[in-house]
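K.L.:
Before I ask anything, here is the structure I am working with.
Each reported figure results from applying straightforward, stated rules to the coordinates on display, with no laboratory input. Just so we're clear, the structure is a prediction, and the values are computed from it rather than from any experiment. With ideal geometry, Cβ positions are generated from the backbone for all residues, glycine too; neighbour counts draw on all protein chains shown.
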Amino acid sequence: MTDLFDKCKGDGGYFGSLRVRGDRYFNQPVLEGTPGPRMKFGGKEVVMWAINNYIGLCDNPEVRRTAVESVTEYGTFTPMGSRMLTGNTEKHIELERRLAAFLRKPASILFNYGYLGVVGTIAAVVGPEDQILMDKLAHASIVDGTILASAGRRFRPFKHNDLNSLESQLKAANRDRKGGLLIVTEGVYGMRGDLADLPGICDLKERYGARLLIDDAHGFGVMGAGGRGTGEHFGVQERIDLYFGTFAKAFAAIGGVTAGESAPIEYIRYNARTNVFAKSLPMIYVDALTTSLDIIESRPELRERMWTIARRLQNGLVELGFDIGDTASPITPVYVPAGDENVAMQMIRMLREEHGVFVSGVTYPVVPRGTVMFRMIPTASHTEEDVDITLNAFRAMRDTMKIDTAARPTVVA
Ligand code: PMP
């Protein structure tokens, strides 16, 4: 007889070989210090490139002060209960109003985690007769939202950012159409850093009578002249039906928001199980987010600074021969030649131990099988010196390890 837990003893499951080794180096490394460009790892200072602190709000003193004042007044627990029962306050309502205005939408709804926001939004608006068209590289929360939606059995993946593939799926969906259609893509693809072709996707969704949800976790507060995201970047924000952003990245907090027309947002409020059956966002975050939003709205120079650092890092890596793919955002993937995990581990170890440069490796299931990359996040808090130390480290690592930068990864789907 097989015991349920037998599988837990072997090396199956996600990152199984690291789990059985009890690895705390490549997986769950223990970091010390305030999240930012300099942290401690293994007792030594490192230049940190693995944190989504895009515009440097992690160590912002105004946000910190607001949070301290808030926790003094409200503790960690206020308000108690779901928004639907005892967890609603004027401050939650006001933050939703401000976020909606910022995102140029009539209404918005807060969620406690971005993950819960994406899952809840999809599962709320998609019913049994509806169909979901999803980019093949969509984030796990989009996949899980689709599974949770009763329409999970009717989802149609399209090739990454491929308008022909999307159009043929739209045509197929229309042939046996009984309900509505929802297209879901990321705005900035969180691992590759490339952008969804939003103008083309908007044209198609209008031609075929579909609705569009953009998970802009990595574009929110980052892309566009005003930090409103990838929709603003392309000038199509008003054509996006549901815009989602997380607070866990540029906003340096926790939670997420979905913005759109009032009727769908109110419907989501009453039908997203991740809103109805979960405690509401604690006041400490509601207050801190109000200050973060003030900064994002009033200090575009933070985004300009982030781009300066991003360009210096990306140009430098390309000059050294490294493959950074087709990123069009600060996200800087460095593809490991030939997609070799063992080489990647040696590279990571050398960067950390000999050069004090901390990068994280990314493998399946975060990216498709066969792809191995470092995912680097340049931020407004990094200095030119941080970039130069890092580029020197990459050069030395390339030469010492005799890395053949011309060997392309096997899969970059
Ligand atoms: N969507 C995307 C594209 C993401 O990258 C993430 C975070 N990794 C999420 C959703 C989930 O957001 P959160 O971390 O706020 O739960």
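K.L.:
Filter 205/279; 9/40; 44/249; 105/249 down to the pairs with a C-alpha to C-alpha distance above 23 Å, please.
P.N.:
Values: 205/279 35 Å; 9/40 32 Å; 44/249 25 Å; 105/249 21 Å.
With Cα atoms farther than 23 Å apart: 205/279; 9/40; 44/249.
K.L.:
Which of 220, 41, 251, 158 comes first, and how do the rest follow, when ranked by fewest Cβ neighbours within 10 Å? Present the calculation step by step, with values, prior to reporting the outcome.
P.N.:
Values: 220 34, 41 18, 251 27, 158 22.
The fewest-first ordering by Cβ neighbours comes to 41, 158, 251, 220.
K.L.:
Where in segment 161-188 is the amide nitrogen less than 11 Å from a point lying 7 Å along the Cα-to-Cβ axis of residue 207?
P.N.:
What the label zone holds, given the 11 Å backbone N cut-off, is 163-168, 170-171.
K.L.:
Percent relative contact order of segment 72-198, based on C-alpha pairs within less than 8 angstrom and at least six residues apart? Don't jump to the answer; show the numbers that get you there.
P.N.:
Values: 150 pairs, mean separation 25.5, N = 127.
Dividing the mean separation by the residue count of segment 72-198 yields 20 percent.
K.L.:
What relative contact order, as a whole-number percentage, does segment 79-281 give when Cα pairs under 8 Å and 6 or more residues apart are counted?
P.N.:
On the way: 428 pairs, mean separation 59.4, N = 203.
The value is 29 percent.
K.L.:
Further question: So how do 348, 214, 268 line up by other beta-carbon neighbours within 10 Å, fewest first? Walk me through the numbers before you get to the answer.
P.N.:
Numbers: 348 21, 214 28, 268 25.
Fewest to most other Cβ atoms nearby, the residues stand as 348, 268, 214.
K.L.:
Using only alpha carbon pairs under 8 Å that are at least six residues apart, calculate the relative contact order of the chain and give it in whole percent. Mind dumping the intermediate values first?
P.N.:
Values: 811 pairs, mean separation 84.7, N = 413.
About 20 percent, as a whole number.
K.L.:
Placing +1 on the Cβ of each Lys and Arg and -1 on the Cβ of each Asp and Glu in the chain, which of 300, 358, 381 has its Cα farthest towards the positive end of the resulting dipole?
P.N.:
Looking along the dipole axis, the top candidate is 358.
K.L.:
In which sequence would 364, 243 go, from the one with the fewest C-beta neighbours within 10 Å to the one with the most? Working shown, then result.
P.N.:
Values: 364 14, 243 29.
Listed from fewest to most nearby Cβ atoms, that is 364, 243.
K.L.:
Oh, and also: Considering the chain as a Gaussian network with a 10 Å cut-off on Cα pairs, which listed residue, 56, 43, 219, attains the greatest mean-square fluctuation?
P.N.:
Among 56, 43, 219, the largest GNM mean-square fluctuation belongs to 43.
K.L.:
Of 209, 160, 222, which is farthest along the charge dipole of segment 132-238 in the positive direction, counting Lys and Arg as +1 and Asp and Glu as -1 at C-beta?
P.N.:
Result: 209.
K.L.:
Here's something else I'd like to know. Give the share of C-alpha pairs in each 5 angstrom bin for segment 79-281, from 0 to the last occupied bin, in whole percents, shortest bins first.
P.N.:
Result, from short to long distances: 1, 8, 17, 22, 22, 16, 9, 4, 1, 0 percent.
K.L.:
Please state, as a whole number in µm²/s, the translational diffusion coefficient that the Stokes-Einstein equation yields for the chain at 10 °C and 1.306 mPa s, with Rh defined as the Kirkwood radius across alpha carbon pairs. Intermediate values should be presented prior to the final figure.
P.N.:
Working: Rh = 22.4 Å.
Diffusion coefficient, whole number: 71 µm²/s.
K.L.:
Right, another one. So what's the gap between the Cα centers of segment 196-262 and segment 3-76, to the nearest angstrom?
P.N.:
A separation of 27 Å, based on Cα centres.
K.L.:
Computed over the Cα atoms of segment 1-156, what is the ratio Rg over Rh, Rh following Kirkwood? Write down the numbers at each step before the final one.
P.N.:
Numbers: Rg = 21.2 Å, Rh = 20.4 Å.
Dividing the radius of gyration by the Kirkwood radius yields 1.04.
K.L.:
Set the Förster distance to 45 Å, then compute FRET efficiency between residue 301 and residue 163 from the Cβ-Cβ distance, nearest 0.05. Walk me through the numbers before you get to the answer.
P.N.:
On the way: r = 35 Å, r/R0 = 0.79.
It comes to 0.80.
K.L.:
From the phi angles alone, apply the Karplus equation (6.51, -1.76, 1.60; θ = phi - 60°) to segment 273-290 and give each ³J(HN,Hα) in whole Hz, x where the residue is Gly or Pro.
P.N.:
Each residue of segment 273-290 in turn: 5, 6, 9, 5, 9, 10, 4, 6, 4, x, 4, 4, 7, 4, 5, 4, 5, 4 Hz.
K.L.:
Hey, another quick one. Could you give the length gained on full extension between residue 261 and residue 14, defined as 0.36 nm per residue of separation minus the Cα-Cα distance, in nm?
P.N.:
Working: separation 247, 0.36 × 247 = 88.92 nm, distance 3.86 nm.
Value of the extension gain: 85.1 nm.
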